[in-house]
Amino acid sequence: MSDPVKSRNERLAERLIKNLKRRHYNAYFCRSAEELRAQVKQLIPDGSSISWGGSSSIRSTGVTTMLKQGPYEVYDRDDVTTKEDKLRIYRKAFECDYYLASVNAMSEDGILVNIDGNGNRVAAITWGPKQVILIVGLNKVCQDTESAIKRARSTAAPINMARFDGNTPCLTDGVCHDCKSEDSICNFIFIQRLSHPAGRHTVILVDEHLGY
C-alpha cells in the first residue's frame, strides 16, 4: 500500500509546479534533501558566485555545506563576525550569479510570502542577483494568500525572532501582536505574484518539513 502522505504531497507538488510555471517561475519537486542537493548542483554552473540569506531551510538540507565545498565563489555571512563584514556580504549578494533563500509561506496558487527584519533578503529576491533559487518545504504551503500571510506572521516570525537577539512581545507568548518594536522582524512583508524577469526565480519544492 502506498504512503498516503507521500501520495498527497506528490499530487500537491504537481499542482504547485503548474501554477508556478504559469507565473513564469522555473519549478522542480524533490522527494528528499539528497535529491535537492543534486538538483541545486545541476542548476548552478562551476565557478558561479553565490550567496544566501538567513534561511534555516537551506542550511538544514546540507545545501550550503555542499556549495562551500564545491567549485564556487561563496559569500556566507556566517563566516564573518563583525556587523560591518555582514553588511558587506549583504551588499555583495546583489552582484552574485545566484542567491539562495526560502519563503515563509506560499499559497497553493503560487503566491510567495516573505517577512524580513532588515530587508536584505527580500531586496535580493526582488532585484540584484542574476538568478534566485528558493527552496521550499511543503510544510509552508497554505490554501490561499491570506492564510500564507497569517502563517508568515503568526508562525514563522515568532520562531525566527527567537533565533536572534531582540525584545518583542512574540518572544513572551509566541503570538504576533502587530508590535511596533524597534526589534521587530516584521518590518517588510513581501508578496511576490510573478517571477520577473520571467525565469529569474526557481522554486524547488521539497517533500520534507523544512524551516519554520
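Taking the radius of gyration and the Kirkwood hydrodynamic radius from Cα positions alone, what is the Rg/Rh ratio for the range 137-212, to two decimal places?
Numbers: Rg = 14.3 Å, Rh = 14.1 Å.
Taking Rh as the inverse mean 1/r over Cα pairs, Rg/Rh reads 1.01.
When the helix-only estimate is applied to the chain (DSSP H runs of n ≥ 4, each -39,500 (n - 2.57), divided by the residue count), what is the mean residue ellipticity at 222 nm, nearest 500 deg cm²/dmol? Taken over the chain, the calculation gives -9500 deg cm²/dmol.
Could you give the length gained on full extension between Glu84 and Ser32, defined as 0.36 nm per residue of separation minus the Cα-Cα distance, in nm?
Working: separation 52, 0.36 × 52 = 18.72 nm, distance 3.65 nm.
The span from Glu84 to Ser32 would gain 15.1 nm if fully extended.
Here is the list for the range 83-184: GluC sites (Glu not before Pro) lying in DSSP coil, each with at most 11 other C-beta atoms within 10 angstrom of its C-beta, are Glu182.
What the Cβ-Cβ distance of Arg91 and Lys68 gives, at R0 = 25 Å and to the nearest 0.05, is a FRET efficiency of 0.80.
Under 21 Å of direct C-alpha separation, and excluding same-chain neighbours fewer than eight residues apart, Lys6 reaches these lysines: Lys18, Lys140.
Rounded, prolate or oblate, given the Cα gyration tensor of the range 39-113, with a/c below 1.5 counting as rounded? Note, shape of the range 39-113 comes out oblate.
The alpha carbon radius of gyration of the range 84-132, expressed as a multiple of 2.2 N^0.38 Å, is 1.22. Here the chain exposes an accessible surface that is 49 percent carbon and sulfur, computed with a 1.4 Å probe and the other protein chains kept in place.
Of the chymotrypsin sites (Phe, Trp or Tyr not before Pro) found in the range 76-151, the ones in coil according to DSSP and having at most 16 other Cβ atoms within 10 Å of their Cβ are Trp127.
In debye, nearest 20: dipole of the range 1-143 around its Cα centre with unit charges on the Cβ of K, R (+) and D, E (-)? The dipole of the range 1-143 has a size of about 360 debye. For the chain, the solvent-accessible area works out to 51 Å² per residue, with a probe of 1.4 Å and every protein chain left in place.
Provide the percentage of antiparallel DSSP beta bridges, counting only those with both residues in the chain; round to the nearest 5.
On the way: 7 of 30 bridges.
Here the antiparallel bridges make up roughly 25 percent for the chain.
Once you list every other residue whose beta carbon is under 13 Å from the beta carbon of Asn167, what net charge do they have if Lys and Arg are +1 and Asp and Glu are -1? Result for the neighbourhood of Asn167: -2.
Where a Cα-Cα gap under 24 Å defines reach, which lysines qualify for Lys92, not counting those fewer than 8 residues away within the same chain? Hits, sequence-local ones excluded: Lys41, Lys68, Lys83, Lys130. Site pair Ala198 and Asp183 shows an inter-label distance of 4.7 nm when each label is modelled 7 Å from Cα along Cα→Cβ.
If the range 20-144 were replaced by its equivalent ellipsoid, with semi-axes equal to the square roots of 5 times the Cα gyration tensor eigenvalues, what would those be, largest first, whole Å?
Details: eigenvalues 103, 63, 37 Å².
Computed over the range 20-144, the values are 23, 18, 14 Å.
Restricting the trypsin sites (Lys or Arg not before Pro) of the range 123-155 to loop positions (DSSP other than H, G, I, E, B) with no more than 16 neighbouring Cβ atoms within 10 Å leaves Lys130. Residues whose amide H falls under 5 Å from that of Ile133, counting only those 5 or more places apart or on a different chain, are Tyr99, Leu100, Ala101, Thr202, with hydrogens built in the peptide plane. With K and R counted +1 and D and E -1, the other residues having a Cβ less than 14 Å from that of Cys142 yield a net charge of +1. The amide H of Val206, built 1.01 Å from its N in the peptide plane, has Cys30, Val136, Gly137, Leu138 as neighbours under 5 Å, considering only residues 5 or more places off or on other chains.
Normalising the Debye intensity of the chain to I(0), with uniform scatterers on Cα atoms only, and taking log10 at q = 0.10, 0.12, 0.15, 0.17 Å⁻¹ returns -0.42, -0.61, -0.97, -1.24.
The values are calculated or read from the model by the stated rules, or taken from the named source; none is laboratory data. Keep in mind that this is a model prediction, so the values were computed, not measured. Here Cβ is always computed from backbone atoms with ideal geometry, including for glycine, and neighbour counts include all displayed protein chains. Surface accessibility is based on the protein's heavy atoms, side chains included, excluding ligands, DNA and RNA. Shrake-Rupley method; radii C 1.70, N 1.55, O 1.52, S 1.80 Å.
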